[in-house]
Amino acid sequence: MTDRFVMPMPDDFHAHLRQGEPLMQYARQHAGQFGRVLLMPNTMPPIFNVARLTEYRADVERALAAIPDSERFEPLFTFKILPSMLAAEIESFARAGAIAGKYYPSGSTTNAADGPRSFDDVDEVLSTMEESGLVLCIHGENPEVPVFERERAFLPQVERLLARYPHLRIVLEHLSDEESVRFVEQGPANLAATITAHHLLFTVDDMIRDSMNPHLYCKPVLKFARDREALRSAVLSGSKKFFFGSDSAPHPREKKECTAAAPGVYSAPAALPALVELFDSLGSLDALIPFMAEYGAAFYGLAAPSRTITLERAPWQVPQLIDGVVPMCAGKTLAWRIWGRN
Ligand code: NCD
Ligand code: ZN
């Protein structure tokens, strides 16, 4: 039984660090665990122009300055695609260093009321992104159908998108159902997907069974055992099309333990040890390495990680509350913990 597991420093290709004072704390939880973190733009206000991107970058850099050098991650920036955007704005995002634009269908998730209603609304944006080499990240849910069907009901739109923009790199974010896994597997090389820790670990029964755990409520909602199996198999298959994005989405405890609970799982504090435990139990610890530290960077055209992280097999109890937020696996004892980094 190995007691230490060394891997290249993982990247997180989908995270919400929010804005303002909480950003300082949330950034701390990614520190020392991830080498690069792709920051989602659904802040308040959103990242919808270059001035706002520049301001957000300064806020993130201020948060990172409070973190020791050896634990600091590299932030990667995105912008939120809005129906009114023009080609010149997309080019200016690319010049300002954003690497991806995020498409949230109107009404699909937290802070998405202002999103486009269809890809046709943003044709100019998408063709400019294709020309500029920007990646399109998609929250792939159709909010007009029942909640468990939303992701698969969105796939025909992606099919049309692939035909219309054959050179656009597309990431379907936080994949959650079996049909979507098959769709990505069978799609062209410019189509990939992120997978979260919570969709690999849990099913809807972990959220709602004898009692209800709002801290596992997220978009897209956790699905069924066969879906989780398909996600696990996709990672174990070694396909380059699937890579890690935590979708760590902190909401203060009082916004989760209430009526109208907000969707989002605060997974960053526990995702890495929990995934090491999962893949170890599946007998495939090695499959975690390309999934978390290779394929995402390759898809985005980034260098391989230069640092490593070491985990040790030693019990670690996940805190009940971190900075006012209940994290994934709160109160549970995980079998691995972070030991150090190089
Ligand atoms: C995210 C959030 O809270 O910003 N929530 C979620 O349930 N995943 C938004 C998102 O990525 O959908
Ligand atoms: Zn998200």
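Structural remarks
- Protection proxy ranking, peptides 314-323, 55-64, average beta carbon neighbours within 10 Å, highest first: 55-64, 314-323
- Extension gain for A298-L282 works out to 3.2 nm (0.36 nm per residue, less the C-alpha to C-alpha distance).
- Each of T310, T333 has some number of other Cβ atoms within 10 Å of its Cβ, and from fewest to most they run T333, T310.
- Cα radius of gyration and Dmax for the stretch 1-85 (Å): 14.5, 57
- Hypothetical label at V6: residues of the stretch 326-342 whose amide nitrogen lies under 17 Å (7 Å Cα-Cβ projection): 338-342
- The alpha carbon radius of gyration of the stretch 78-191, expressed as a multiple of 2.2 N^0.38 Å, is 1.01.
- Computed E for S132/T308 - FRET, C-beta separation, R0 41 angstrom, nearest 0.05: 0.80
- Kirkwood Rh, Cα atoms: Rg over Rh of the stretch 223-321: 1.00
- Each Cα pair under 8 Å and six or more residues apart adds its sequence gap; the mean of these over the residue count of the stretch 118-207 is a relative contact order of 27 percent.
- Relative contact order of the chain, pairs being alpha-carbon contacts under 8 Å that are 6 or more residues apart, as %: 18 percent
- Remark on the stretch 8-52: Rg and Dmax equal 11.4, 34 Å (Cα only).
- Along the stretch 176-181 the Karplus relation, 6.51 cos²θ - 1.76 cosθ + 1.60 evaluated at θ = phi - 60°, assigns HN-Hα couplings of 9, 10, 4, 4, 5, 4 Hz to successive residues, with x for each Gly and Pro.
- Taking the stretch 1-110 and dividing mean pair separation by its residue count, relative contact order in percent (alpha carbons under 8 Å, at least six apart): 27 percent
- Convex hull volume of the C-alpha atoms in the chain, normalised per residue: 125 Å³.
- Mean ellipticity per residue at 222 nm, deg cm²/dmol - from DSSP H runs of n ≥ 4 across the chain, formula -39500 (n - 2.57): -10000 deg cm²/dmol
Values in this text are rule-based calculations from the coordinates and carry no lab data. For clarity, every value in this text was computed on a predicted model and none was experimentally measured. Neighbour counts run over all protein chains shown; Cβ positions are idealised from the backbone, glycine included.
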